[in-house]
Amino acid sequence: MDWCYSARIVYSDVRHNFLLHYLLAAAVVFITPLFFSVSGLDSRQAAQPLEMIISLTGTVLLTPVFMPEQNGSIRDVIRSKKTPYLLTCIVRLCIDMLILAALAGISVLYMKKCRSEVTFLHFAGTAASAMALGSLGFFAAGLSNNVIIGYMASLLWYIINFTAKDKLGVFFIFSMMNGSFDEKKWLLALSFALILLTFVYLSYVKYKI
Amino acid sequence: MLFTRECKKIFRSLTFIIYCAMVILMFFTQFWPELDERVTSSTIESYELTKISGEPETIMPKALDSLTGCYFSNTYRCYPYGLLKAVHLNSRDNDKIKGYIIEISGLNDDEMEKLKAASSFSHVRIGTNELESYNVNHVPLREDITYGRFREIMGEIDDILGGGSDYRPDDLAYKFSQEPMSHAEIIEQYDDFIEKDHIAAAYGRLLSDYLGIVLAVIPVFAAAALVTADKRAKMDELVYSRRISSFRLIFTRFSALVLTMALPVLLCASITAAKIMHMYKGDAPDIAGAFTVPGIWLLPNIMLVTALGMCISELFSAGMAILVQFAAWFICMMMTSSPLYGHIGRYTFVCRHNSLFYRSEFMEHYSDFLFNRIFYTAAALAAVLLTVIVYELKRGGRFNGLVLFGKDSIFRRKA
């Protein structure tokens, strides 16, 4: 029953709160081929637009999950309702992850159609990098109740990957460009750990369910 | 006093704490290793300094070999937006390239085919990428071809490739005439470092180069957070009704943001100065350079990013300010061309000089650098003035932020 309510709520706030983010994430994907070469690339070259550009969809999609309730008055109203607030957030998150996977999939399939050497690993790697960036933003926004902090954390990690690539170890999000896919499983694990930690914190510390 | 109160508010904000952490992180991970070793006339050899000879006799044969190899594989390296774009031309455009090669080399079709058959095929590694390429050497150069005509042809080839190629006339010298410096030239670099830069100015430039990368984007977070803080605390309408003028309020907030965000930079410069004094005791370094260079270099960055962050947050929203600033930073970073020194133009926002040396190359563009910094300072002040106007209109209830496509659109302002 809760899921049914959640679906209605999510349908409503997708229309009113997140459509812009979905459009922005889609724009990132559709603009990329205009500026960067996506055809006839080998495995490493193909990783460049995927990791450097498409992974940013994670920041755009996952960071603002808590944004509508950033306003305390709205949060109070939402929390007085029967449907658990965090369940709504989980449903939002699931939808965002599905869109993220779909956009990564579209990018990889398009590159495949353009005769680039991309495999399922490229799809998984791109999704993992996007998840990692997004989940850090989600974590920071959830803990601070400020979506600006979320964007800041996520984009700073992205910037650090430009400047301190050799110091990040398994948390380097551009590893496919160096031909390595090993880091991706760590990024995925980190993403789920951050999401879990956020919900644990919100459930047991902030809202004391 | 309002200024002190705003500073305190910023000091306590999480965005500012993260900002400081990022600046310090950048300082210790990127710049600090440069202070590991004292530069002496003998250790300077390890920096592998190169020079750009710029001699047509060196540039023309190397560029022609490279162009012929790219023509054979029909794969041309271009960096139109900083990222590598491997351009494959259609047969008509590739034939035009062939025509230019024939004009420069004087070869005919048969000789071109023979040359292709005699060339080895390989994969060339460029950064993290590998591209297919023919290794072509010693393509003959027509004796009567002048360097002026050669540059003209290269310009036309660059146009066919869509710009940003290896054959852009202005980049020819860097791409095809780089060679290691002689011992005497290296010693000259060392003399410049000691006598003209007085050590500290050279370190100041390098510090500014590293910190400039992050200071071209991260101040926007603190600015956006401060601008939206009133709204989050539901204090905006209360502040609107106060007697203080919009001009004073906005400029006080702007000054508070710039001053507080300059403090971590000042701290980094102080640590650098202390380390230089310790490392170069006998060489009497002029410590002022470690403060003045980052001051002139980085303050306009902080000012402009802060002002734009405030202005766009007032006009649209904090999210839009972050999006615009991040996109601008990304484009600036991608457009940064090699070498990472001596390339500061009149409108380069993220200035790069990633070396303790090459002072003469930096000084060659010094007037452009000064113009550039003054221009961005003026642009920052103009953006703050615009913020004042927007804020004043909002206070009077005549404006509530720009809403694209009507008040019920998805672009309406969120709470």
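Pairing each residue of segment B:24-36 that is over 12 Å from B:LEU207 (Cβ atoms) with any residue that is at pLDDT 95 or above, provided the two are 6+ apart or on different chains, yields C-beta distances under 8 Å for B:ILE24/B:PRO264; B:ILE24/B:LEU267; B:ILE24/B:CYS268. If A:LEU136 satisfies every condition in (1) crowded, with 24+ Cβ neighbours inside 10 Å; (2) in contact (Cβ under 8 Å) with a residue 60 or more places away in the chain; (3) not basic (Lys, Arg) but one, which is the exception? For A:LEU136, the exception is condition (2). Residues of segment B:198-235 that are of a type outside the set (A, V, I, L, M, F, W, C) and over 22 Å from the mean Cα position of the chain (by Cα): B:HIS198, B:THR228, B:ASP230, B:LYS231, B:ARG232, B:LYS234.
For B:THR40, the conditions (1) of a type outside the set (A, V, I, L, M); (2) touching a helix residue (DSSP H, G or I) at 6+ places or on another chain (Cβ under 9 Å); (3) under 30 Å from B:ALA223 (Cα atoms) all hold with the exception of (3). Across segment B:366-380, the number of residues qualifying as in contact with a helix residue (DSSP H, G or I) (Cβ under 9 Å, 6 or more places away or on another chain) and either surrounded by 15 or more Cβ atoms within 10 Å (Cβ to Cβ) or among the acidic types (Asp, Glu) (or both) comes to 8.
Condition check for A:ASP13 on (1) modelled with pLDDT of 80 or more; (2) touching a Pro at 6+ places or on another chain (Cβ under 7 Å): one failure, at (1).
Pull up segment B:38-78, narrow it to residues that are basic (Lys, Arg) and not in a helix (DSSP H, G or I), then point me to the one that is surrounded by the most Cβ atoms within 10 Å (Cβ to Cβ). Steps first, answer last, please.
From segment B:38-78, those basic (Lys, Arg) are B:38, B:51, B:62, B:77; that's our starting set.
Filter again for not in a helix (DSSP H, G or I), leaving B:38, B:51, B:77.
Working: B:ARG38: 13, B:LYS51: 16, B:ARG77: 21.
In this case the residue turns out to be B:ARG77.
Candidates are the residues of segment B:10-37 that are surrounded by 14 or more Cβ atoms within 10 Å (Cβ to Cβ), within 11 Å of chain A (Cβ to nearest Cβ) and not aliphatic (A, V, I, L, M); the one that is nearest to A:TRP157 (Cα to Cα) is B:TYR19. All of B:ALA229, B:ALA262 fail the test of being at pLDDT 95 or above and not basic (Lys, Arg), apart from B:ALA262. Restricting the search to helices (runs of 4 or more DSSP H) fully inside segment B:180-242 and requiring at least 3 residues that are more than 11 Å from chain A (Cβ to nearest Cβ), surrounded by 14 or more Cβ atoms within 10 Å (Cβ to Cβ) and not aromatic (Phe, Trp, Tyr) gives B:183-191, B:200-215.
List the helices (runs of 4 or more DSSP H) inside segment A:1-51, counting only whole elements, that have at least 3 residues being touching a residue at least 24 places away in the same chain (Cβ under 8 Å) and facing another protein chain (nearest Cβ under 7 Å). Can you show your working first?
Working: elements: A:2-13, A:19-35, A:43-49.
Those helices (runs of 4 or more DSSP H) span A:43-49.
Right, A:PHE192: of a type outside the set (S, T, N, Q), surrounded by fewer than 22 Cβ atoms within 10 Å (Cβ to Cβ) and within 14 Å of another protein chain (Cβ to nearest Cβ) or not? No; evaluated as a whole, the condition is false for this residue.
The values are calculated or read from the model by the stated rules, or taken from the named source; none is laboratory data. Worth saying up front: this structure is predicted, and the values here are computed from it rather than measured. Cβ atoms come from the backbone with ideal geometry, glycine included; neighbour counts cover every protein chain shown.
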